[in-house]
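To start, the structure itself, in structure tokens.
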Amino acid sequence: MLQKGEPKALTAVSLAAVALVLAGLAVAVVHFHMPVKETYWALTPPVIAIALALITKEVYSSLFLGILTGAFLNAGFDLVGTLNQVFTGGIIKVLADKWNVGILIFLVILGMMVQLMNRAGGSAAFGRWASSHITTRKGAQLATMVLGCLIFIDDYFNCLTVGSVMRPVTDKHMVSRAKLAYLIDSTAAPICIIAPISSWAAAVSGFVKGENGINLFVQAIPFNFYALLTIGMMILLITLNVDYGPMALHERNAVKGDLFTTGITKEAQADASQTEETRGQVIDMLLPIVALIICCVIGMIYTGGYFEGTGFVESFANSDASVGLVLGSSVALLITVVFYLVRQVLPFASCMECLPEGFKQMVPAMLILSFAWSLKAMTDGLGAAKFVAGVVANSAGSFMNFLPCIIFLIAIGLAFATGTSWGTFGILIPIVVSCFQGSDHTMMIISISACMAGAVCGDHCSPISDTTIMSSAGAQCVHLNHVMTQLPYALTVAAVSFFTFLVAGFSKSAPVSLCFGIVLLCLVLMAMLRRQRRMI
């Protein structure tokens with residue numbers, strides 16, 4: 001336990017450590033002409049940001065210091081150049097990006113819809129209905145998992161929708177916000193990466209040249225061991241009632257009535273302070289959610305050319321998820337407002353009051369996302385992608401049977417450091433295809449699966465991942481609480497997946513490898529359960 005004053009001391013020590021690292025780099029670069037671009041030094045900014053976030057428990061300053069480190073390296077330690085890099089090449093650049101702005105607008109609209117549903121009493125009504133049908137903590141967690149599996153269109157959409165729908169239910173049954181955030185995060189990217197009709201399938205297929213991307217994606221699903229074992233992990237954790245690591249403390253406190261352990265978030269406090277509207281009915285939550293799902297699907301296939309004659313699957317493959325989600329969510333927001341006005345559950349003035357309130361609730365997530373994107377821009381400018389690509393290409397020669405598990409580890413490291421799965425796909429999948437295309441189709445499929453699995457795993461673990469950030473926002477959980485409680489679970493599945501990919505590299509059989517992975521995961525969790533019972 002940290003004593004009073006220790007966080008400030010940790011921050012001071014961390015700042016001093018960063019200053020020493022930067023001073024050492026400056027000496028190495030300026031005086032010894034040490035190259036930093038396209039070398040392992042390119043990964044320094046995200047490593048510093050992640051380490052500081054985990055040590056100081058303060059995410060904003062940690063991300064900014066990571067950005068500052070990257071700017072120093074990109075500018076060759078020139079002060080004016082560093083300022084230009086931070087803002088012109090970083091924050092302003094990422095906020096001028098069409099895709100990023102679309103995601104931020106989507107976040108804002110979802111925040112507005114959540115506020116409308118809460119003010120209308122739809123969330124409370126759903127909570128009352130669910131409490132009469134879901135009677136146990138296990139049931140609440142399983143319901144959250146099932147809903148997350150059903151919303152497989154897009155991970156951003158999944159995180160915020162599942163969070164807003166299931167928060168009243170899990171709160172009623174004393175499930176910690178950290179556990180809710182874990183369930184949301186584990187049914188976001190891991191589900192999207194095995195769903196052929198999703199924005200993720202479209203992204204992966206776009207990185208495959210000279211092959212049918214969607215067909216390869218479908219063939220890779222049985223070998224995507226991290227995603228499949230993550231689903232198994234959730235089921236086992238819930239049914240066996242086993243928790244370990246920091247999550248165990250959060251769950252024990254939740255049973256006693258403290259859902260947050262480290263203090264309630266401002267967003268959750270704002271929700272709790274609102275007067276519950278008793279006129280609301282379950283339909284006041286269900287119709288907006290259904291409208292959101294339908295409109296977002298239509299928006300995505302619209303951007304893919306469906307209404308111009310393109311097929312449904314091809315429309316998803318060609319879709320612009322950012323624009324599609326904005327179009328769909330804006331129409332759903334309009335439908336929600338009109339519906340509430342017609343039902344007279346909210347006057348027009350109250351509907352309009354919800355819009356800025358919803359915006360304010362999303363500001364923390366938007367700020368973290370903007371910083372995380374800026375940090376990635378710094379890393380990209382330093383050539384981290386080319387460095388990692390060279391490492392993978394050099395390892396492909398004499399380790400063919402070991403290549404899937406090697407690619408899995410490299411993808412984890414890259415996605416963890418950069419906070420992006422899609423960027424990892426873009427770097428590694430073309431290399432994998434070039435290594436095996438025309439020679440060993442099965443090994444190419446397994447290696448593509450290893451790349452996707454590792455990218456999702458690294459994204460799952462990373463505190464600067466946009467999906468991790470939005471899972472925290474959806475559960476209204478302190479972001480670093482979510483990161484610290486999820487990490488042991490994600491690393492458990494990662495370790496099991498590593499050995500499963502090792503088996504797959506030699507057996508080249510999905511059923512054999514997956515059965516091995518499931519058995520190994522069960523043995524690990526049974527050992528954790530016995531340890532938990534001894535400690536009680």
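The values are calculated or read from the model by the stated rules, or taken from the named source; none is laboratory data. Since the model is a prediction, treat every value here as computed from it, not as a measurement. Don't worry about glycine lacking a Cβ; one is built from the backbone with ideal geometry, like all the others, and counts go over all protein chains shown. Only protein heavy atoms, including side chains, enter the accessible area calculation; ligands, DNA and RNA are left aside. Shrake-Rupley method; radii C 1.70, N 1.55, O 1.52, S 1.80 Å.
For the stretch 366-375, residues that are of a type in the set (Gly, Ala, Ser) and buried (at least 24 other Cβ atoms within 10 Å of the Cβ) total 2.
Return yes when residue 442 is open to solvent by 10 Å² or more (accessible area, probe 1.4 Å), modelled with pLDDT of 85 or more and of a type in the set (Ser, Thr, Tyr) and no when it is not. Here the answer is yes, as residue 442 does meet what is asked. Looking only at the stretch 69-111, which residues are under 21 Å from the mean Cα position of the chain (by Cα), open to solvent by less than 40 Å² (accessible area, probe 1.4 Å) and of a type in the set (A, V, I, L, M)? Hits for the stretch 69-111 are 91, 94, 103, 104, 107, 108, 109, 110. Of the listed requirements (1) within 28 Å of residue 236 (Cα to Cα); (2) out of contact with any helix residue (DSSP H, G or I) (no Cβ under 6 Å at 6 or more places or on another chain), residue 127 misses just one: (2). Here 243, 271 are screened, and the one residue that is modelled with pLDDT of 85 or more, open to solvent by 10 Å² or more (accessible area, probe 1.4 Å) and among the acidic types (Asp, Glu) is 243. In the set 203, 254, only one residue is modelled with pLDDT under 80 and either outside any helix (DSSP H, G or I) or open to solvent by less than 60 Å² (accessible area, probe 1.4 Å) (or both); that residue is 203. Scanning the stretch 173-190 for residues that are buried (at least 24 other Cβ atoms within 10 Å of the Cβ) and without any contact (Cβ under 8 Å) to a residue 60 or more places away in the chain turns up 183, 187. Of the helices (runs of 4 or more DSSP H) contained entirely in the stretch 454-536, those carrying at least 1 residues that are under 15 Å from the mean Cα position of the chain (by Cα) fall at 466-475, 479-507. Mind checking which residues of the stretch 326-352 are touching a residue at least 60 places away in the same chain (Cβ under 8 Å) and either open to solvent by 70 Å² or more (accessible area, probe 1.4 Å) or not in a helix (DSSP H, G or I) (or both)? Passing the criteria: 345, 346.
The set of residues in the stretch 144-172 that are open to solvent by less than 30 Å² (accessible area, probe 1.4 Å), of a type in the set (A, V, I, L, M) and over 18 Å from residue 291 (Cα atoms) comprises 145, 169. The set of residues in the stretch 312-338 that are aromatic (Phe, Trp, Tyr) and touching a helix residue (DSSP H, G or I) at 6+ places or on another chain (Cβ under 6 Å) contains only 316. Checking each residue in the stretch 118-133 for being buried (at least 21 other Cβ atoms within 10 Å of the Cβ) and not small (Gly, Ala, Ser) picks out 118, 119, 126. Among the residues of this structure, residue 166 counts as one that is touching a residue at least 12 places away in the same chain (Cβ under 8 Å) and either part of a helix (DSSP H, G or I) or acidic (Asp, Glu) (or both). Here 435, 515 are screened, and the one residue that is more than 30 Å from residue 178 (Cβ to Cβ) and at pLDDT 95 or above is 515. Residues in the stretch 299-312 that are surrounded by 17 or more Cβ atoms within 10 Å (Cβ to Cβ) and among the hydrophobic types (A, V, I, L, M, F, W, C): 300, 301.
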